[in-house]
Amino acid sequence: MRLATWNVNSIRARVDRTVEFAVREHIDVLAMQEIKCKVEQFPFAAFEDAGFHVEAHGFSQWNGVAIASRSPITNVRTAFTGMPGFAKDHEGPDAPQEARALGATIDGVEVWSLYVPNGRSLEDPHYFYKLDWLAALTGYTQETLAANPDLALALVGDFNIAPTDADNGVPTVVQGFSTHVSTPEREAFSALESAGLTDVVRPIIPTGFTYWDYKQLRFPRNEGMRIDFILGSHALADAVTGATIHRDERKGEAPSDHVPVVVDLDFTGDDDDDDRPMIF
């Protein structure tokens, strides 16, 4: 399975580019974020004509997530257990949920396309919503893997966190003053990993950004951030055979400000191959 995640920043504006990438790179499962449309507005036909099944979750021109797969998509969910909601000036536990999560099972792999809240600023209610959202995701991960330790679980998408200083190349984003790099956000990301997940791309590609703002020549200056991830359970991590960050997708006409992150997975488990290199 070739699994990819991409914050497409409006699927209607970039459908041709997105489908062309998926076909050219032989993607089997593509998780998308920021589709920025209602479900009925999603360009299903373009994906279906290219041989994909598609599930989408969106309410308006904001947020939104989707999954395209060459294999059938089952067990579709639009929220994980405990996922909080948010609305401006809304207080209390019953805030409406945003379209930020879409889970499904594909060929035995549980895949979640996730668009983690931005946070906006360290004093904004959206920042505390972000931390609550991540805490609920961690709780869901812990419960899911405790019930099924050998589950191939993939949490993929735009996490809006640069977990280390090396993941932040933007001079104006400073720890202690900015979201994405604050200690509580980084601790929340670490908690996800402690719940039984691994950043399966970093061991293969230790450096490199996945997002560059459109402003202030961020891309030509390579002032980007690594905020798009594929986090996998041990069953998924053990199946990873390769990974790529497609930096060139930030180039060309009307690109997204994010680029695709891709992993190759092999679940055949050929334990009889004595020629495999030993990894310590």
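The values are calculated or read from the model by the stated rules, or taken from the named source; none is laboratory data. Just so it is clear, the model here is predicted, and its values are computed rather than measured. Here Cβ is always computed from backbone atoms with ideal geometry, including for glycine, and neighbour counts include all displayed protein chains. These area figures cover heavy atoms from the full protein model, side chains too; ligands, DNA and RNA do not enter into them. Shrake-Rupley method; radii C 1.70, N 1.55, O 1.52, S 1.80 Å.
Just to be sure, is R218 assigned to a loop (DSSP other than H, G, I, E, B), basic (K, R) and surrounded by 19 or more Cβ atoms within 10 Å (Cβ to Cβ)? Please lay out each step first, then the result.
Numbers: assigned to a loop (DSSP other than H, G, I, E, B): yes; basic (K, R): yes; surrounded by 19 or more Cβ atoms within 10 Å (Cβ to Cβ): yes.
So R218 passes the test.
Quick check on my filter: what residues within the stretch 221-254 are assigned to a loop (DSSP other than H, G, I, E, B) and open to solvent by 10 Å² or more (accessible area, probe 1.4 Å)?
Initial filter on the stretch 221-254 (assigned to a loop (DSSP other than H, G, I, E, B)): 221-224, 226-227, 233, 238-239, 246, 251-254.
Correct list: R221, N222, E223, D238, H246, K251, G252, E253, A254.
Can you tell me which residue is nearest to the chain's Cα centre (by Cα) among those in the stretch 65-124 that are within 16 Å of Y140 (Cα to Cα) and charged (D, E, K, R)?
Applying the filter and picking the extreme gives R100.
Does any residue of the stretch 14-27 turn out to be among the hydroxyl-bearing types (S, T, Y), closer than 23 Å to R247 by Cβ and either modelled with pLDDT of 95 or more or part of a helix (DSSP H, G or I) (or both)? Reasoning before the result, please.
First, pick out the residues of the stretch 14-27 that are among the hydroxyl-bearing types (S, T, Y): 18.
Now narrow it down to the ones that are closer than 23 Å to R247 by Cβ: 18.
Then keep just the ones that are either modelled with pLDDT of 95 or more or part of a helix (DSSP H, G or I) (or both); that gives 18.
There is at least one residue in the stretch 14-27 that is among the hydroxyl-bearing types (S, T, Y), closer than 23 Å to R247 by Cβ and either modelled with pLDDT of 95 or more or part of a helix (DSSP H, G or I) (or both).
Only residues that are of a type outside the set (G, A, S) and exposed (fewer than 15 other Cβ atoms within 10 Å of the Cβ): list them for the stretch 127-170, please. It would help to see each step written out before you state the result.
Step one: list which residues in the stretch 127-170 are of a type outside the set (G, A, S), which gives 127-134, 137-138, 140-145, 148-151, 153, 155-156, 158-161, 163-165, 167-168, 170.
Those that are of a type outside the set (G, A, S) and exposed (fewer than 15 other Cβ atoms within 10 Å of the Cβ): E143, N148, P149, D150, T164, D165.
Based on this model, can you work out whether V19 counts as open to solvent by less than 30 Å² (accessible area, probe 1.4 Å), aliphatic (A, V, I, L, M), at negative phi and out of contact with any Asp or Glu (no Cβ under 9 Å at 6 or more places or on another chain)?
Numbers: open to solvent by less than 30 Å² (accessible area, probe 1.4 Å): yes; aliphatic (A, V, I, L, M): yes; at negative phi: yes; out of contact with any Asp or Glu (no Cβ under 9 Å at 6 or more places or on another chain): no.
No, not satisfied.
Let me spell it out: the conditions are (1) within 30 Å of V54 (Cα to Cα); (2) outside any strand (DSSP E or B), and G157 meets all of them except one. Which number is the exception?
Here G157 clears every test but (2).
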